Amino acid sequence: MNTIVTYLSKVKYLILAGGLVAISASCTPTQRGATIGGLGGAALGAAVADDSGTGALIGGAGGAIVGGMIGRSQEERYYHRGY
């Protein structure tokens, strides 16, 4: 029984990761940067803060802002080359 639960949890994460890849394929670089930054910031904030909920909230917001700014910079360089 325990191996079945472990297997199903791995399959669940695999399906979730595949869904995130499929969704991010249709995003602009700004949206992709904000999403990746928000997820990374939330994970890092939850890991280092004493209160994991507050750390995830603050880290996610900060990561989304910074990730969105980086994505927008990449988008501007790509679309506004001046050709």
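What follows draws every value from the coordinates through simple rules; no lab data is involved. Just so you know, these numbers come straight off a predicted model, no measurement behind them.
Test of understanding: in a Gaussian network model of the chain with alpha carbons linked when under 10 Å, which of 37, 55, 18 would top the mean-square fluctuation ranking?
In the Gaussian network model the winner is 18.
Taking a temperature of 37 °C and a viscosity of 0.692 mPa s, what whole-number D in µm²/s does Stokes-Einstein yield for the chain with Rh from Kirkwood over alpha carbon pairs?
Rounded to a whole number, D works out at 227 µm²/s.
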